[in-house]
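For reference, the structure discussed in these notes is given below.
The values are calculated or read from the model by the stated rules, or taken from the named source; none is laboratory data. It should be emphasised that the depicted structure is a prediction, and the values quoted were computed from it without experimental measurement. Accessible surface areas use protein heavy atoms only, side chains included; no ligands, DNA or RNA. Shrake-Rupley method; radii C 1.70, N 1.55, O 1.52, S 1.80 Å.
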Amino acid sequence: MRGRRAPRPGSAEVPGAAREADMLRAGAASPARGGQVAEDTGAPAGGGEERPGRQPPAAAPRLPDSKAQGGSEDRRTPDRDLQRGRLSRSPRTAPPAPGMGDRGAQHERAALQSPGPPEGAAAAVNGLLHNGFHPPPPACSRDPPPARFQLLSELQPQPLFSQHDSPAKKCRLRRRMDSGRKNRPPFPWFGMDIGGTLVKLVYFEPKDITAEEEQEEVENLKSIRKYLTSNTAYGKTGIRDVHLELKNLTMCGRKGNLHFIRFPTCAMHMFIQMGSEKNFSSLHTTLCATGGGAFKFEEDFRMIADLQLHKLDELDCLIQGLLYVDSVGFNGKPECYYFENPTNPELCQKKPYCLDNPYPMLLVNMGSGVSILAVYSKDNYKRVTGTSFGNMMSKEKRESISKEDLARATLVTITNNIGSIARMCALNENIDRVVFVGNFLRINMVSMKLLAYAMDFWSKGQLKALFLEHEGYFGAVGALLELFKMTDAQ
């Protein structure tokens, strides 16, 4: 017949029968898709002769051998690769056979979700799933899954320091951690009162530093402490009042000395520049300050020294600082005193005064300006009145006054004016105890005696003028106390 291939020599099969045998062998070697067994539907073959349908062969317990007849070479087939783990057959690449519909898809999903191996010998070969992977361990396995190992490792505490951190950074982190545990700020501890004429600065020098703390202390912190405590003068105008130093204080759980330093407000820019050069911002992010200068120089602190000023109420700091210093005393002596026999220069002498029960009192704060406060308790006070006068503490102002008698006349006029106002306020408030503080009185025995005389004379001995040793530093001390309160609140 035209187009037919001639039969091979030595073969008894006709060409149609040979093709049929080849098709049957190929069907036996390839498993049906989706687990469906292939059926011979009795379709016509060859020249249109109809052949009876054949029954499907029984499921073989193992895969058929794929060796070619008459040869020894191992031919690689998908089934052989599946058996040896060479091929991963994905369920998405093997859709259900036609005619199965949703049942085939449901069967496939059930096989994936089932904890055990799927049914059928063709689904698992040599312990492998139909997708080529080993089955998961049984539920009773004691080994946790890898994801849980990762989760537990993330929950473990991480080290505080990295091995690549510098010693200075480790010290800052350790100091902050120690301060956080004990509710106290990291060193150094400062408080500032920036007035119109003078800047008052208090510095707490710790004396209980351990050997470990000293070894880990960063260099710029050591430099600041050494600079402040080993000098009594700073430049041409800065002075440390050594005679006012409070020793062996315990502040916020640490023992040390409290130093009192002052310099003219006109030198504030030099102070800010020094803070920038000593890298003060690496130790502190906030500096507690009070007084009008806290507002005036706030921008300079931020732009030049990278420091933030925590601005505090001036009168609050004044009262809190006064009460604290009076409570700790002046190195074993009383903080408060008065002058006995002030009208008699030969008999006038300084006497201690107990201020344990100070309320009510009239507090007269004398600086570039004067504020007069009526204080009824620690937290109950009011500003009664105040005055403004000259700037005789300013070098520029003093240079414009050349005659000594004019300077003394000015001093007496101011002092008498303050004394008369203080007496008037005491009478109006029914208070018989008047306390005078402020840097106006620093090393100013003339004014103090004039005030004592004026109060005694005009009141006919009913009012006493009281003074305090640390007259101008109470605002700065109050600012320092506020630093501790901020740490407690945090």
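Worth a mention:
- By accessible area with a 1.4 Å probe, ligands and nucleic acids excluded, highest first: order of His243, His269, His470: His243, His269, His470
- Cα gyration tensor category, rounded, prolate or oblate, for the range 197-295 with a/c compared to 1.5: prolate
- List Val242, Val375, ordered by accessible area with a 1.4 Å probe, largest first: Val242, Val375
- Distance from the range 268-332 to the range 199-236 (C-alpha centre basis), Å: 16
- Interchain or long-range residues, amide H under 5 Å from Tyr381's placed H: Tyr376
- Accessible-area ranking of Tyr453, Tyr338, largest first, probe 1.4 Å: Tyr453, Tyr338
- DSSP beta bridges fully contained in the range 245-330 are about 45 percent antiparallel.
- In Å², nearest 10: area of Asp456 left accessible to a 1.4 Å probe: 50
- Thr385 sits with roughly 50 Å² accessible to a 1.4 Å probe, with DNA, RNA and ligands left out of the calculation.
- Out-of-range pairs (alpha-carbon distance over 32 Å; input Lys378/Lys464; Lys311/Lys464; Lys236/Lys403): Lys311/Lys464
- Rolled with a 1.4 Å probe across the full set of protein chains, the surface gives Cys266 an accessible area near 110 Å².
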